[in-house]
Structures are given as C-alpha cells and as structure tokens.
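For reference, the structure discussed in these notes is given below.
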Amino acid sequence: MSEKLLAGDANISLTETGRHCPFGLRTEPAESTPLYRPEPGGPYWVRSYALCCEVLRQPELFGNELEGDGGSMRPDAQLQKKIANIYLQEGWTPVPPTFNSDPPRHKGRRRFLVPLLTAKRVVSIAPLVKERSEQLLSSLAGRTEIDFVKEFAEPLALAVIAELIGLPTTDLPLLQRWSEALIDRAGSMASPERQVECAHLIAAMQKLVMQQLQHRKKVPREDLLTELARAAAAQGHRIDPLEQQALIIDDLFFTGTALVAAALSHGGLLLAQDAALAAELRSNRSLVPAFVEETLRLSSPVNANYRQVRQDTTLGGIRLAKADILLLQFGAANRDESRFDHAGRVDLRRVAAGKHLAFGLGRHFCIGAVLVRRELTIAFNALLSRWESFSLAQPASALQYEPSVTLNSLRTLPLTVALPAVGAAMPVR
C-alpha cells in the first residue's frame, strides 16, 4: 500500500502526519479536485461532501468489503501469514467489524447492536461519565501542565466503555494497551514488528472476551456482555461466538475508546486555541451540544474509509470500473466550503450542525452516535466547570498526530491549565 498522504501534496508521506497538522493538506484541493486518482492503479480519492454522500447512499453499488486483491491494497503476504498463525495459535481469526461489512453479516450484526444502545442506556450513561470525568479532573488538581490526551481523553473514554461493556476495570493500563493495538491495526501504518505485537495483544483480548461471555451466561450482570449473551441465546437470534467477539472488541470497545478519545482531544485543542470560544461556552452551557457537533465535524475522528465499486459506473463525471477502490475522505468532506460556510471555523449557531459525516450516512450510520454525543457533552461541561482557562503548552505546529490512513487522532496534547481563583463561583453542570 502506498504511503502517500491523504492530501493534495503527493510529496508528503503518511509518516509525516506525526509531525504536521493534516487539516490544510486534506482540504486544500477538495473543491478543485473532488474526485481524482493520484497514483495509477491506486484508490480514487473522494473528497467532496456531495460525492461522499452519493457513495454512502448506494451501499449495493459501493461495497464495504474489499474483494479480490483489493486493488493491491493487501499488505505483505508473509507478514500476514505470520499474524494469521498468531491468531490461530493464541486466539481466533478475526472477522470483519460491522462498519467494514456488507450484508448478510452487516444486517445480522446490527440486529444485535441496535438493542444494546437504547435511549434508556443513553440516559443512564450520564452519571457514569460525570463521575469518571470528575475523578480524572480531581486527580489533576494542583497541576498547571497536563497531557490532555493521556491524562483525560483516553482514560475517560476507556473507563466509560469498559464499564458499559463489563470488562474488568482493575487493570486499565492493560485495556489501554489493547486499545492502542486495535488503533494501530486499524491505521495500517504500524511497522511489521508492531503489527505482530498487536496480534498477540488482540488475541489475548479475544480470550478474555470469550471467557467473560461464557461467565455471563452463568452469572449475569447489568452490562452489555450480559445483554449480548442473552440475545445470542434467545430463540431465533443465534450468533456465532466469533461474531459476538467482534461486536465487543471492534464495534463497541474500539469505537468507544479510539474515536471518543480522538473527538475529546480535538475538542480540547479547539478550546485551548480560542479563549473567547471557551468563555462563551462557559457562560452559556446550552451551546455545548453545538460545540460537540462542530468538534465532530472539524476533527472527523474517522478521517477516511474505503469502498469498492461493484459494477462499472460513473461518479462525479469519471468512469469507474468494477473492483476499483475509493477512499472516502470524511475529513475533507466535513470541511467542504460548498456545504459548510466558513468550514474551517467553529460556528456555535450553524444551521443543521449535525449534518456532517463524522458518523457516516445511510446503512452504515454509527449506531452509537447518540451515546457518543452525550458522553462528549458531559465531558466538555465538566472541563468548563473545573478549569478557568487552558491553553496550549507548545506551538500547534509541534503537535503530533497518529500516522493513520483512516483515523485522525492526536498523540499528545500538552496544556497549561488554571483553576478558578479561591472563592470564585464556577457553574457545575
């Protein structure tokens, strides 16, 4: 697979995304080149909002699962054989996650996922998120400099989803290593040595999940593992254990940690860069949900995803052949000036602010979108209540991003924070 950056400058490699903010590079050619193929035989880059929507609305024509050789997208065969053996010896061969599946797997999986993430669960998550947010912020009391990613965003996302699923929270560092392994596997830019290490870690997580599912059949609890175990045993709702495993590991744990932490981190960055924005939100908390939508739009935690053409067709005036690969660049589409006025800015009063593509569209729209929005809203309210101010502790140009094709995630976010003066009244919500 090519290491060209998902941007208009073909001379910049993906490894450089660890040193440069990628937004400008992603979006600069979006209007002038909404669909183009930077390398012969490589994927077509779909960069405009309209064309991304056109593809997402036709899942039968543009499939999720890459068939055949995937347009030469497959990684080194010898390495993959080594990784496959690790899963066979230590765990199980992973099946595709729901967000990268087509029917019938996709339809069957969603039948189990939808009942797990109900409106009742969205309401019940509030006390948990608030409690974990306050605990983390209290642990940082007295500090003037923090790493927002490592000390708030990632621990919060991890603690919340682990407790919802019912995974053991007594060893959060281990869960964090599993989360990082899933991120590196999804990003596809890890070194061969790291990919092998990730396979060992994910196989260990597979074994834990299988053990927990079996345990819940005998000792049920108030968690998603129990609900999934019950649903799988219900008449007419049988599901293969490997599919159950993927639901927990990829669809719930991975998205609940990696994508939530990425959105939290980028929201923290936006607030740190704009004191007036933070002050407005602090004085008018009814605008926090709008800030959440703008954070999701501007950050696009899922920066890109692949689709494969199922039959000869035309897109954006360009002829596409069966089996061609498309790379839908949501990061560019969500900053498309033809769809969003002043697309690069936060607008707390943007009309139809939630019409971004951070959660996808159509058949693959994220089932947990409402849950994620609720979690982000509570977390940002907690931040605004606790800190009087926070600013970047280093130039924005020095921030590092994970070198990933599909994910937009900050590695670290050093902040300088200040508590309110003694006796000052700060609203708590």
The set of residues whose placed amide H lies less than 5 Å from the amide H of TYR401, leaving out same-chain residues fewer than 5 positions away, is GLY18, ARG19, HIS20, ARG411
Whole-Hz ³J(HN,Hα) from phi, Karplus 6.51 cos²θ - 1.76 cosθ + 1.60, for the stretch 336-346, glycine and proline x: 6, 5, 6, 10, 10, 4, 6, 4, x, 10, 7
Cβ-placed point charges (K, R +1; D, E -1), dipole of the stretch 49-141 about Cα centre in debye, nearest 20: 460 debye
Accessible surface, 1.4 Å probe, highest first, among residues ASP324, ASP336: ASP324, ASP336
Picking from ILE125, ILE202, ILE249, which is most flexible by a Gaussian network model of the chain using Cα springs under 10 Å? ILE125
With +1 on each Lys and Arg Cβ and -1 on each Asp and Glu Cβ, and nothing else charged, work out how big the dipole of the stretch 97-212 is about its Cα centre, in Debye to the nearest 20. 800 debye
Points 7 angstrom from Cα along the Cβ direction at ASP76 and ARG411: gap in nanometres? 2.1 nm
Less than 16 Å apart at the alpha-carbon level, and either on another chain or at least 8 residues along: which aspartates and glutamates does that give for LYS355? GLU54, GLU293, GLU294, ASP336, GLU337, ASP341, ASP347
Those GluC sites (Glu not before Pro) from the stretch 173-260 that are DSSP loop and have at most 11 other Cβ neighbours within 10 Å turn out to be GLU222
Between the modelled labels at GLU90 and SER286 (7 Å from Cα along Cα→Cβ) the distance in nm is 5.4 nm
In the chain the DSSP beta bridges are antiparallel at a rate, in percent to nearest 5, of 90 percent
The chain, Gaussian network, Cα under 10 Å: of LEU320, LEU156, LEU252, the residue fluctuating most is LEU320
Distance between Cα centroids, the stretch 270-308 to the stretch 195-215: provide it in whole Å. 34 Å
Give the accessible surface of the stretch 166-219 per residue, rounded to a whole number of Å², with probe radius 1.4 Å and ligands, DNA and RNA excluded. 48 Å²
Modelled label reach - GLN273, point 7 Å along Cα→Cβ, the stretch 150-176 residues with backbone N closer than 16 Å: none
Options PRO414, SER338, LEU242, ranked by Cα towards positive dipole end of the chain, top entry (Cβ charges): LEU242
With a 1.4 Å probe and every protein chain kept in, tell me what percent of the accessible surface of the chain is carbon plus sulfur. 54 percent
Contact order normalised by length for the chain, with contacts defined as Cα pairs under 8 Å and 6 or more residues apart; what percent is it? 28 percent
Towards the positive end of the charge dipole of the chain, with charges on Cβ (+1 Lys, Arg; -1 Asp, Glu), say which of LEU228, PRO97, LEU164 has the farthest Cα. LEU228
Which listed residue (ILE325, GLY42, VAL260) has the Cα farthest towards the positive end of the charge dipole for the chain, taking +1 on Lys and Arg C-beta and -1 on Asp and Glu C-beta about the Cα centre? VAL260
Counting other Cβ atoms within 10 Å, keep those with at most 12, restrict to DSSP loop, and tell me which chymotrypsin sites (Phe, Trp or Tyr not before Pro) in the stretch 336-413 are left. PHE365
Normalised contact order of the stretch 224-332, rounded percent, pairs of Cα under 8 Å and 6 or more residues apart: 18 percent
How about LYS322: which aspartates and glutamates have a C-alpha closer than 15 Å to its C-alpha, ignoring those fewer than 8 places off in the same chain? GLU60, GLU65, GLU67, ASP69, ASP312
Quick one: Cα centre-to-centre distance for the stretch 96-117 and the stretch 33-68, in angstrom? 22 Å
Restricting to lysines and to Cα separations under 23 Å from LYS218, and discarding same-chain partners fewer than 8 apart, the set is LYS207
Net dipole in debye of the chain [+1 Lys, Arg Cβ; -1 Asp, Glu Cβ; about Cα centre; nearest 20]: 1220 debye
Around TYR36, which amide H atoms from residues at least 5 apart in sequence, or from another chain, sit under 5 Å from its own amide H, with H modelled in the peptide plane? TRP45
Counting alpha carbon pairs within less than 8 Å and at least 6 residues apart, what relative contact order, in whole percent, applies to the stretch 156-216? 28 percent
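The values are calculated or read from the model by the stated rules, or taken from the named source; none is laboratory data. Predicted model only: the values in this text are computed from it and were never measured. Glycine also receives a Cβ, built like all others from the backbone with ideal geometry; neighbour counts cover every protein chain displayed. The accessibility values were calculated without ligands, DNA or RNA, using every heavy atom of the protein model including side chains. Shrake-Rupley method; radii C 1.70, N 1.55, O 1.52, S 1.80 Å.
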